Amino acid sequence: MNALVDLAALGIGPSTLIMFGTMVVLLLSGMPLAFVTLLVALIFALVGFGPMAVGLITSRIYTFVNNFIFVSVPMFVLMAAMLDRSGVARDLFDAMKLIGGRIRGGVAVQTIFVSVILAAMSGIIGGEIVLLGLLALPQMLRLGYDKNLAIGVVCAGGSLGAMIPPSIVLIMYGLTANVSIGSLFSAAFIPGAMLAGFYVAYVLIMSYFKPGVAPPPVVETIPTAEKLRLLKGLILPIMVVVFVLGSIYGGIASVTEASAVGVGGVALSTLLRGEFSWAFLRDSAMQTLATVGMIVWIGIGATALVGVYNLMGGISFVSGLITGVSDNPTVIILLMMAILFVLGAFLDWVGIALLTMPIFVPIVKSLGLDPVWFGVLFCMNMQVSFLSPPFGPAAFYLKSVAPPDISLGDIFKALLPFIGLQILALAVMILFPGIAIY
(Lines give C-alpha, C1' and ligand atoms only; values in the text may rest on other atoms or scores of the structure.)
Protein backbone atom coordinates (compact mmCIF):
# COMPACT_ATOMS: atom_id res chain seq x y z
CA MET A 1 0.00 0.00 0.00
CA ASN A 2 2.91 2.33 0.77
CA ALA A 3 4.33 1.64 -2.67
CA LEU A 4 1.00 2.62 -4.20
CA VAL A 5 0.95 5.87 -2.24
CA ASP A 6 4.52 6.66 -3.26
CA LEU A 7 3.74 6.07 -6.93
CA ALA A 8 0.60 8.18 -6.76
CA ALA A 9 2.50 10.95 -4.96
CA LEU A 10 5.12 10.90 -7.67
CA GLY A 11 2.52 11.79 -10.31
CA ILE A 12 1.66 10.24 -13.64
CA GLY A 13 3.95 12.57 -15.60
CA PRO A 14 7.18 11.62 -13.81
CA SER A 15 6.03 7.98 -13.62
CA THR A 16 5.58 7.99 -17.40
CA LEU A 17 9.09 9.37 -17.90
CA ILE A 18 10.56 6.76 -15.55
CA MET A 19 8.67 3.95 -17.34
CA PHE A 20 9.73 5.18 -20.78
CA GLY A 21 13.33 5.73 -19.67
CA THR A 22 13.52 2.22 -18.21
CA MET A 23 12.27 0.77 -21.49
CA VAL A 24 14.83 2.73 -23.51
CA VAL A 25 17.71 1.62 -21.27
CA LEU A 26 16.67 -2.04 -21.45
CA LEU A 27 16.21 -1.87 -25.23
CA LEU A 28 19.66 -0.32 -25.65
CA SER A 29 21.08 -3.21 -23.61
CA GLY A 30 19.97 -5.55 -26.40
CA MET A 31 17.02 -7.15 -24.61
CA PRO A 32 14.14 -8.05 -27.00
CA LEU A 33 11.12 -5.72 -26.98
CA ALA A 34 8.77 -8.48 -25.80
CA PHE A 35 10.77 -9.12 -22.63
CA VAL A 36 11.40 -5.42 -22.02
CA THR A 37 7.69 -4.56 -22.00
CA LEU A 38 6.80 -7.59 -19.86
CA LEU A 39 9.57 -6.88 -17.34
CA VAL A 40 8.68 -3.19 -17.04
CA ALA A 41 5.00 -4.09 -16.64
CA LEU A 42 5.78 -6.52 -13.82
CA ILE A 43 8.08 -4.07 -12.03
CA PHE A 44 5.56 -1.21 -12.11
CA ALA A 45 2.67 -3.54 -11.19
CA LEU A 46 4.47 -4.89 -8.13
CA VAL A 47 5.88 -1.54 -7.03
CA GLY A 48 2.71 0.42 -7.63
CA PHE A 49 -0.08 -2.01 -6.84
CA GLY A 50 1.37 -5.06 -5.11
CA PRO A 51 1.13 -8.79 -6.00
CA MET A 52 -2.63 -8.62 -6.61
CA ALA A 53 -2.01 -6.69 -9.84
CA VAL A 54 -0.31 -9.72 -11.41
CA GLY A 55 -3.71 -11.40 -11.71
CA LEU A 56 -4.96 -8.47 -13.78
CA ILE A 57 -1.97 -8.77 -16.10
CA THR A 58 -2.54 -12.47 -16.68
CA SER A 59 -6.25 -11.94 -17.36
CA ARG A 60 -5.45 -9.29 -20.00
CA ILE A 61 -2.89 -11.60 -21.60
CA TYR A 62 -5.39 -14.48 -21.66
CA THR A 63 -7.98 -12.24 -23.36
CA PHE A 64 -5.42 -11.26 -26.00
CA VAL A 65 -4.23 -14.77 -26.90
CA ASN A 66 -7.72 -16.27 -26.66
CA ASN A 67 -9.12 -14.12 -29.47
CA PHE A 68 -10.35 -16.46 -32.22
CA ILE A 69 -9.38 -14.11 -35.05
CA PHE A 70 -5.74 -14.52 -33.93
CA VAL A 71 -5.79 -17.98 -35.51
CA SER A 72 -5.55 -16.29 -38.92
CA VAL A 73 -2.07 -14.92 -38.11
CA PRO A 74 -0.20 -18.27 -38.11
CA MET A 75 -2.21 -19.35 -41.16
CA PHE A 76 -1.15 -16.36 -43.24
CA VAL A 77 2.43 -16.67 -41.97
CA LEU A 78 2.41 -20.34 -43.00
CA MET A 79 1.21 -19.31 -46.47
CA ALA A 80 4.16 -16.94 -46.75
CA ALA A 81 6.61 -19.58 -45.49
CA MET A 82 5.38 -22.05 -48.12
CA LEU A 83 5.68 -19.41 -50.84
CA ASP A 84 9.25 -18.70 -49.74
CA ARG A 85 10.18 -22.32 -50.42
CA SER A 86 8.19 -22.89 -53.60
CA GLY A 87 8.82 -21.83 -57.16
CA VAL A 88 5.51 -19.96 -57.41
CA ALA A 89 7.13 -16.53 -57.14
CA ARG A 90 9.74 -17.38 -59.79
CA ASP A 91 7.10 -18.57 -62.26
CA LEU A 92 4.99 -15.52 -61.49
CA PHE A 93 7.94 -13.22 -62.19
CA ASP A 94 8.72 -15.03 -65.47
CA ALA A 95 5.08 -14.80 -66.58
CA MET A 96 5.01 -11.05 -66.04
CA LYS A 97 7.71 -10.51 -68.65
CA LEU A 98 4.95 -10.96 -71.24
CA ILE A 99 3.86 -7.47 -70.20
CA GLY A 100 7.03 -5.92 -68.84
CA GLY A 101 9.18 -6.45 -71.91
CA ARG A 102 7.21 -3.97 -74.03
CA ILE A 103 7.85 -0.76 -72.04
CA ARG A 104 10.88 1.15 -70.79
CA GLY A 105 11.39 0.24 -67.15
CA GLY A 106 9.31 -2.87 -67.76
CA VAL A 107 11.23 -5.19 -65.42
CA ALA A 108 10.82 -2.72 -62.56
CA VAL A 109 7.08 -2.39 -63.30
CA GLN A 110 6.71 -6.15 -63.49
CA THR A 111 8.48 -6.44 -60.12
CA ILE A 112 5.86 -4.16 -58.57
CA PHE A 113 3.00 -6.17 -60.10
CA VAL A 114 4.52 -9.39 -58.78
CA SER A 115 4.86 -7.72 -55.37
CA VAL A 116 1.14 -6.90 -55.36
CA ILE A 117 0.14 -10.48 -56.17
CA LEU A 118 2.54 -11.94 -53.59
CA ALA A 119 1.25 -9.44 -51.02
CA ALA A 120 -2.33 -10.54 -51.72
CA MET A 121 -1.27 -14.16 -51.17
CA SER A 122 0.67 -13.89 -47.92
CA GLY A 123 0.32 -10.56 -46.10
CA ILE A 124 3.86 -10.28 -44.66
CA ILE A 125 6.94 -8.58 -46.04
CA GLY A 126 10.18 -10.35 -45.16
CA GLY A 127 9.93 -13.27 -47.56
CA GLU A 128 8.76 -11.09 -50.44
CA ILE A 129 11.78 -8.80 -50.25
CA VAL A 130 14.18 -11.73 -50.08
CA LEU A 131 12.47 -13.43 -53.04
CA LEU A 132 12.50 -10.28 -55.15
CA GLY A 133 16.07 -9.57 -54.08
CA LEU A 134 17.06 -12.95 -55.50
CA LEU A 135 14.87 -12.80 -58.64
CA ALA A 136 14.44 -9.20 -59.72
CA LEU A 137 17.43 -7.25 -58.39
CA PRO A 138 20.15 -9.23 -60.24
CA GLN A 139 18.14 -9.09 -63.48
CA MET A 140 17.63 -5.32 -63.28
CA LEU A 141 21.30 -4.70 -62.47
CA ARG A 142 22.36 -7.00 -65.33
CA LEU A 143 20.10 -5.16 -67.81
CA GLY A 144 21.56 -1.78 -66.85
CA TYR A 145 18.89 -0.32 -64.57
CA ASP A 146 19.95 2.46 -62.24
CA LYS A 147 21.06 0.81 -58.99
CA ASN A 148 19.01 3.13 -56.79
CA LEU A 149 15.82 2.51 -58.77
CA ALA A 150 16.30 -1.27 -58.71
CA ILE A 151 16.93 -1.32 -54.95
CA GLY A 152 14.00 0.97 -54.22
CA VAL A 153 11.56 -1.05 -56.32
CA VAL A 154 12.50 -4.31 -54.61
CA CYS A 155 12.26 -2.93 -51.06
CA ALA A 156 9.19 -0.74 -51.56
CA GLY A 157 7.36 -3.32 -53.65
CA GLY A 158 8.20 -6.13 -51.27
CA SER A 159 6.84 -4.07 -48.36
CA LEU A 160 3.38 -3.82 -49.92
CA GLY A 161 2.41 -6.92 -47.95
CA ALA A 162 1.89 -4.62 -44.96
CA MET A 163 -0.78 -2.66 -46.83
CA ILE A 164 -2.54 -4.99 -49.23
CA PRO A 165 -5.02 -7.50 -47.72
CA PRO A 166 -4.63 -10.03 -46.18
CA SER A 167 -2.13 -7.92 -44.26
CA ILE A 168 -0.94 -9.16 -40.85
CA VAL A 169 -0.59 -5.49 -39.85
CA LEU A 170 -4.30 -4.95 -40.51
CA ILE A 171 -5.18 -8.07 -38.53
CA MET A 172 -3.15 -6.94 -35.50
CA TYR A 173 -4.69 -3.46 -35.69
CA GLY A 174 -8.17 -4.99 -35.80
CA LEU A 175 -7.36 -7.09 -32.74
CA THR A 176 -6.07 -4.15 -30.69
CA ALA A 177 -8.68 -1.63 -31.88
CA ASN A 178 -11.64 -4.05 -31.73
CA VAL A 179 -12.49 -3.26 -35.36
CA SER A 180 -13.88 -5.62 -38.00
CA ILE A 181 -10.94 -7.08 -39.91
CA GLY A 182 -13.15 -7.71 -42.94
CA SER A 183 -13.96 -3.98 -43.00
CA LEU A 184 -10.26 -3.17 -42.70
CA PHE A 185 -9.46 -5.44 -45.64
CA SER A 186 -12.13 -3.75 -47.76
CA ALA A 187 -10.91 -0.30 -46.75
CA ALA A 188 -7.22 -1.00 -47.41
CA PHE A 189 -7.57 -2.54 -50.86
CA ILE A 190 -7.85 0.69 -52.88
CA PRO A 191 -5.22 2.62 -50.83
CA GLY A 192 -2.82 -0.30 -51.28
CA ALA A 193 -3.43 -0.33 -55.02
CA MET A 194 -3.00 3.45 -55.06
CA LEU A 195 0.40 3.19 -53.37
CA ALA A 196 1.49 0.55 -55.87
CA GLY A 197 0.25 2.89 -58.62
CA PHE A 198 2.43 5.68 -57.23
CA TYR A 199 5.43 3.35 -57.45
CA VAL A 200 4.62 2.40 -61.05
CA ALA A 201 4.12 6.06 -62.04
CA TYR A 202 7.47 7.00 -60.46
CA VAL A 203 9.26 4.18 -62.28
CA LEU A 204 7.76 5.14 -65.65
CA ILE A 205 8.48 8.87 -65.18
CA MET A 206 12.09 8.20 -64.20
CA SER A 207 12.56 5.66 -66.99
CA TYR A 208 11.24 7.86 -69.77
CA PHE A 209 12.43 11.29 -68.66
CA LYS A 210 15.77 10.65 -66.96
CA PRO A 211 18.43 9.22 -69.28
CA GLY A 212 20.28 6.14 -68.15
CA VAL A 213 17.80 5.08 -65.45
CA ALA A 214 16.34 2.20 -67.45
CA PRO A 215 17.38 0.45 -70.69
CA PRO A 216 15.16 0.67 -73.78
CA PRO A 217 12.61 -2.13 -74.13
CA VAL A 218 13.73 -5.21 -76.00
CA VAL A 219 10.73 -6.76 -77.71
CA GLU A 220 11.43 -10.43 -78.20
CA THR A 221 9.27 -12.79 -80.17
CA ILE A 222 7.94 -15.39 -77.76
CA PRO A 223 6.52 -18.57 -79.34
CA THR A 224 2.90 -19.37 -78.52
CA ALA A 225 3.89 -22.54 -76.66
CA GLU A 226 6.23 -20.52 -74.44
CA LYS A 227 3.51 -17.93 -73.81
CA LEU A 228 1.14 -20.66 -72.68
CA ARG A 229 3.80 -22.11 -70.41
CA LEU A 230 4.45 -18.70 -68.86
CA LEU A 231 0.73 -18.00 -68.42
CA LYS A 232 0.39 -21.23 -66.46
CA GLY A 233 2.57 -19.58 -63.82
CA LEU A 234 -0.16 -16.99 -63.28
CA ILE A 235 -3.06 -19.38 -62.83
CA LEU A 236 -2.30 -20.88 -59.40
CA PRO A 237 -1.29 -17.60 -57.64
CA ILE A 238 -4.32 -15.74 -58.99
CA MET A 239 -6.63 -18.58 -57.98
CA VAL A 240 -5.27 -18.47 -54.42
CA VAL A 241 -5.81 -14.68 -54.28
CA VAL A 242 -9.34 -14.98 -55.68
CA PHE A 243 -10.33 -17.73 -53.25
CA VAL A 244 -8.86 -15.99 -50.18
CA LEU A 245 -9.96 -12.40 -50.82
CA GLY A 246 -13.08 -13.38 -52.76
CA SER A 247 -14.36 -15.51 -49.88
CA ILE A 248 -13.84 -12.58 -47.47
CA TYR A 249 -15.30 -9.82 -49.68
CA GLY A 250 -18.14 -12.06 -50.79
CA GLY A 251 -19.15 -12.81 -47.22
CA ILE A 252 -18.62 -16.55 -47.77
CA ALA A 253 -15.94 -16.97 -45.11
CA SER A 254 -14.52 -15.07 -42.16
CA VAL A 255 -10.91 -13.91 -42.17
CA THR A 256 -9.90 -16.90 -40.04
CA GLU A 257 -11.64 -19.37 -42.36
CA ALA A 258 -10.21 -17.65 -45.45
CA SER A 259 -6.69 -17.96 -44.03
CA ALA A 260 -7.18 -21.74 -43.81
CA VAL A 261 -8.43 -21.72 -47.42
CA GLY A 262 -5.26 -19.87 -48.40
CA VAL A 263 -3.00 -22.40 -46.70
CA GLY A 264 -4.86 -25.21 -48.45
CA GLY A 265 -4.57 -23.41 -51.79
CA VAL A 266 -0.81 -22.84 -51.49
CA ALA A 267 -0.28 -26.42 -50.29
CA LEU A 268 -2.28 -27.74 -53.25
CA SER A 269 -0.28 -25.50 -55.62
CA THR A 270 3.03 -26.88 -54.36
CA LEU A 271 1.61 -30.42 -54.55
CA LEU A 272 0.61 -29.95 -58.19
CA ARG A 273 4.05 -28.51 -58.93
CA GLY A 274 5.74 -31.54 -57.34
CA GLU A 275 7.41 -29.45 -54.62
CA PHE A 276 5.46 -30.66 -51.59
CA SER A 277 7.39 -32.96 -49.25
CA TRP A 278 7.83 -33.67 -45.56
CA ALA A 279 10.96 -31.49 -45.42
CA PHE A 280 9.09 -28.68 -47.21
CA LEU A 281 6.23 -28.83 -44.69
CA ARG A 282 8.56 -29.14 -41.68
CA ASP A 283 10.72 -26.15 -42.66
CA SER A 284 7.64 -24.02 -43.40
CA ALA A 285 6.12 -24.95 -40.04
CA MET A 286 9.36 -24.14 -38.16
CA GLN A 287 9.59 -20.72 -39.83
CA THR A 288 5.94 -20.09 -38.96
CA LEU A 289 6.54 -21.10 -35.35
CA ALA A 290 9.45 -18.68 -35.00
CA THR A 291 7.58 -15.76 -36.58
CA VAL A 292 4.31 -16.27 -34.72
CA GLY A 293 6.18 -16.88 -31.46
CA MET A 294 7.82 -13.47 -31.84
CA ILE A 295 4.43 -11.81 -32.53
CA VAL A 296 2.74 -13.53 -29.57
CA TRP A 297 5.53 -12.66 -27.11
CA ILE A 298 5.53 -9.01 -28.20
CA GLY A 299 1.74 -9.05 -27.84
CA ILE A 300 1.95 -10.51 -24.33
CA GLY A 301 4.49 -7.92 -23.19
CA ALA A 302 2.73 -4.95 -24.78
CA THR A 303 -0.69 -6.03 -23.47
CA ALA A 304 0.69 -6.33 -19.93
CA LEU A 305 2.41 -2.94 -20.14
CA VAL A 306 -0.69 -1.15 -21.44
CA GLY A 307 -2.78 -2.77 -18.69
CA VAL A 308 -0.47 -1.56 -15.93
CA TYR A 309 -0.14 1.91 -17.48
CA ASN A 310 -3.92 2.15 -17.68
CA LEU A 311 -4.15 1.28 -13.96
CA MET A 312 -1.76 4.14 -13.26
CA GLY A 313 -4.03 6.52 -15.17
CA GLY A 314 -1.50 6.85 -17.96
CA ILE A 315 -3.86 6.35 -20.90
CA SER A 316 -6.09 9.20 -19.72
CA PHE A 317 -2.97 11.31 -19.15
CA VAL A 318 -1.60 10.76 -22.67
CA SER A 319 -5.05 11.20 -24.24
CA GLY A 320 -5.38 14.54 -22.46
CA LEU A 321 -1.96 15.64 -23.72
CA ILE A 322 -2.77 14.75 -27.34
CA THR A 323 -6.29 16.20 -27.43
CA GLY A 324 -5.09 19.32 -25.63
CA VAL A 325 -2.80 20.22 -28.53
CA SER A 326 -5.61 21.51 -30.77
CA ASP A 327 -9.35 21.51 -31.33
CA ASN A 328 -8.77 20.61 -34.97
CA PRO A 329 -9.10 16.82 -35.52
CA THR A 330 -6.71 16.94 -38.48
CA VAL A 331 -3.96 18.43 -36.32
CA ILE A 332 -4.46 15.67 -33.74
CA ILE A 333 -4.31 13.00 -36.46
CA LEU A 334 -1.10 14.56 -37.83
CA LEU A 335 0.40 14.51 -34.32
CA MET A 336 -0.46 10.82 -33.99
CA MET A 337 1.11 10.12 -37.39
CA ALA A 338 4.26 11.96 -36.27
CA ILE A 339 4.44 9.87 -33.08
CA LEU A 340 3.99 6.66 -35.08
CA PHE A 341 6.63 7.81 -37.58
CA VAL A 342 9.20 8.37 -34.80
CA LEU A 343 8.37 5.08 -33.07
CA GLY A 344 8.55 3.27 -36.40
CA ALA A 345 12.21 4.22 -36.77
CA PHE A 346 13.08 2.27 -33.62
CA LEU A 347 10.40 -0.30 -32.73
CA ASP A 348 8.75 -3.27 -34.40
CA TRP A 349 5.30 -2.60 -35.85
CA VAL A 350 3.68 -5.25 -33.63
CA GLY A 351 4.87 -3.46 -30.50
CA ILE A 352 3.83 -0.08 -31.89
CA ALA A 353 0.30 -1.32 -32.62
CA LEU A 354 -0.19 -2.94 -29.24
CA LEU A 355 1.33 -0.05 -27.28
CA THR A 356 -0.29 2.91 -29.04
CA MET A 357 -3.65 1.78 -30.39
CA PRO A 358 -5.31 1.39 -26.94
CA ILE A 359 -4.52 5.11 -26.50
CA PHE A 360 -5.07 6.41 -30.04
CA VAL A 361 -8.24 4.58 -31.10
CA PRO A 362 -10.46 5.95 -28.25
CA ILE A 363 -9.26 9.45 -29.17
CA VAL A 364 -10.12 8.84 -32.82
CA LYS A 365 -13.60 7.67 -31.86
CA SER A 366 -14.10 10.64 -29.53
CA LEU A 367 -13.27 12.96 -32.45
CA GLY A 368 -16.05 11.36 -34.47
CA LEU A 369 -13.61 9.80 -36.94
CA ASP A 370 -13.79 6.31 -38.39
CA PRO A 371 -11.40 3.81 -36.69
CA VAL A 372 -11.36 1.76 -39.91
CA TRP A 373 -9.98 4.77 -41.80
CA PHE A 374 -7.46 5.33 -39.01
CA GLY A 375 -6.41 1.69 -39.33
CA VAL A 376 -5.54 2.29 -42.99
CA LEU A 377 -3.54 5.37 -41.95
CA PHE A 378 -1.71 3.26 -39.37
CA CYS A 379 -0.80 0.64 -41.99
CA MET A 380 0.35 3.33 -44.42
CA ASN A 381 2.52 4.79 -41.65
CA MET A 382 4.00 1.38 -40.92
CA GLN A 383 4.86 1.14 -44.62
CA VAL A 384 7.12 4.14 -44.05
CA SER A 385 8.66 2.51 -40.98
CA PHE A 386 9.65 -0.58 -43.00
CA LEU A 387 11.90 1.60 -45.17
CA SER A 388 13.02 4.32 -42.74
CA PRO A 389 16.56 4.44 -41.31
CA PRO A 390 18.16 3.57 -38.98
CA PHE A 391 16.33 0.26 -38.44
CA GLY A 392 14.09 -0.11 -41.51
CA PRO A 393 13.69 -3.91 -41.73
CA ALA A 394 13.23 -3.88 -45.52
CA ALA A 395 16.80 -2.65 -45.97
CA PHE A 396 18.21 -5.42 -43.78
CA TYR A 397 16.14 -8.09 -45.56
CA LEU A 398 17.52 -6.95 -48.92
CA LYS A 399 21.07 -6.62 -47.62
CA SER A 400 21.01 -10.31 -46.68
CA VAL A 401 20.72 -11.30 -50.38
CA ALA A 402 22.12 -8.24 -52.21
CA PRO A 403 25.49 -8.27 -54.02
CA PRO A 404 28.46 -7.51 -51.70
CA ASP A 405 29.13 -4.13 -53.35
CA ILE A 406 25.71 -2.80 -52.22
CA SER A 407 26.00 -1.39 -48.70
CA LEU A 408 23.26 -0.57 -46.20
CA GLY A 409 23.98 3.09 -46.87
CA ASP A 410 23.32 2.55 -50.58
CA ILE A 411 20.03 0.83 -49.79
CA PHE A 412 18.75 3.54 -47.42
CA LYS A 413 19.76 6.25 -49.92
CA ALA A 414 17.84 4.46 -52.69
CA LEU A 415 14.74 4.23 -50.49
CA LEU A 416 14.37 7.99 -49.92
CA PRO A 417 12.20 8.69 -53.02
CA PHE A 418 9.93 5.78 -52.14
CA ILE A 419 9.58 7.01 -48.55
CA GLY A 420 8.50 10.32 -50.10
CA LEU A 421 5.87 8.49 -52.18
CA GLN A 422 4.59 6.72 -49.06
CA ILE A 423 4.28 10.03 -47.20
CA LEU A 424 2.44 11.46 -50.24
CA ALA A 425 0.01 8.52 -50.17
CA LEU A 426 -0.49 9.04 -46.43
CA ALA A 427 -1.27 12.73 -47.01
CA VAL A 428 -3.78 11.83 -49.74
CA MET A 429 -5.48 9.42 -47.35
CA ILE A 430 -5.77 12.13 -44.67
CA LEU A 431 -7.13 14.69 -47.14
CA PHE A 432 -9.51 12.27 -48.87
CA PRO A 433 -10.69 9.67 -46.33
CA GLY A 434 -13.38 8.51 -48.74
CA ILE A 435 -10.70 6.54 -50.60
CA ALA A 436 -10.74 4.06 -47.71
CA ILE A 437 -14.25 4.34 -46.29
CA TYR A 438 -16.14 4.48 -49.57
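The values are calculated or read from the model by the stated rules, or taken from the named source; none is laboratory data. Since the structure is predicted, the reported quantities are computational estimates derived from the model, not experimental observations. Here the Cβ positions follow ideal geometry from the backbone for every residue, glycine too, while neighbour counts run over all protein chains shown. Note: accessible area is taken over every heavy atom of the protein model, side chains too, but ligands, DNA and RNA are not part of it. Shrake-Rupley method; radii C 1.70, N 1.55, O 1.52, S 1.80 Å.
For the peptides 14-21, 243-250, what is the packing order when you average, over each peptide's residues, the other Cβ atoms within 10 Å and list the highest mean first?
In descending order of packing, they fall as 243-250, 14-21.
Roughly what would the spin-label model give for residue 239 and residue 286, points 7 Å off Cα along C-beta, in nm?
It is 3.0 nm.
With r defined as the distance between the Cβ atoms of residue 180 and residue 47 and R0 fixed at 25 Å, what FRET efficiency is calculated, to the nearest 0.05? Can you show the working numbers first?
Values: r = 38 Å, r/R0 = 1.54.
Given R0 = 25 Å and the Cβ-Cβ separation, E is 0.05.
Quick one: Cα convex hull volume of the chain, Å³ per residue? Show your work: numbers first, answer last.
Numbers: hull volume 64.8 nm³, N = 438.
Per-residue hull volume (Cα only) is 148 Å³.
Give, in nm to one decimal, the length gained when the segment between residue 327 and residue 413 is fully stretched (0.36 nm per residue of separation minus the Cα-Cα distance). Walk me through the numbers before you get to the answer.
Working: separation 86, 0.36 × 86 = 30.96 nm, distance 3.78 nm.
In short, 27.2 nm is gained.
Rounded to the nearest 500 deg cm²/dmol, what is the calculated helix-only ellipticity per residue at 222 nm for the chain, with -39500 (n - 2.57) per DSSP H run of length n ≥ 4?
Details: 21 runs with 338 residues, N = 438.
That comes out to -25500 deg cm²/dmol.
With the Cα gyration tensor of segment 17-84 giving a ≥ b ≥ c as the square roots of its eigenvalues, does the rule (a/c under 1.5 for rounded; else a/b larger than b/c for prolate; else oblate) give rounded, prolate or oblate? Present the calculation step by step, with values, prior to reporting the outcome.
Details: a/c = 4.40, a/b = 1.54, b/c = 2.85.
Cα axes put segment 17-84 in the oblate bin.
Just want to confirm a number: the relative contact order over segment 10-117, from Cα pairs under 8 angstrom separated by 6+ residues, in percent. Mind showing how you got there, number by number?
Numbers: 34 pairs, mean separation 12.6, N = 108.
Result for segment 10-117 is 12 percent.
Compare the peptides 312-318, 345-351 by average per-residue count of other Cβ atoms within 10 angstrom and give them in order, highest first. If you can, show how the numbers build up before the last one.
Numbers: 312-318: 17.0, 345-351: 20.0.
In descending order of packing, they fall as 345-351, 312-318.
Could you work out the relative contact order of the chain, using alpha carbon pairs under 8 angstrom and six or more residues apart, expressed as a whole percent? If you can, show how the numbers build up before the last one.
Details: 616 pairs, mean separation 109.7, N = 438.
For the chain, the relative contact order is 25 percent.
On a full-extension model of 0.36 nm per residue, what is the gain between residue 279 and residue 257, subtracting their alpha-carbon distance, rounded to one decimal in nm?
Details: separation 22, 0.36 × 22 = 7.92 nm, distance 2.58 nm.
The span from residue 279 to residue 257 would gain 5.3 nm if fully extended.
Can you give me the C-alpha center-to-center distance between segment 162-192 and segment 278-324, rounded to a whole angstrom?
Value for the Cα centre distance between the two parts: 17 Å.
What accessible surface, in Å², does a 1.4 Å probe find on residue 205, ignoring ligands, DNA and RNA and rounding to the nearest 10?
Roll a 1.4 Å probe over it and residue 205 shows about 100 Å².
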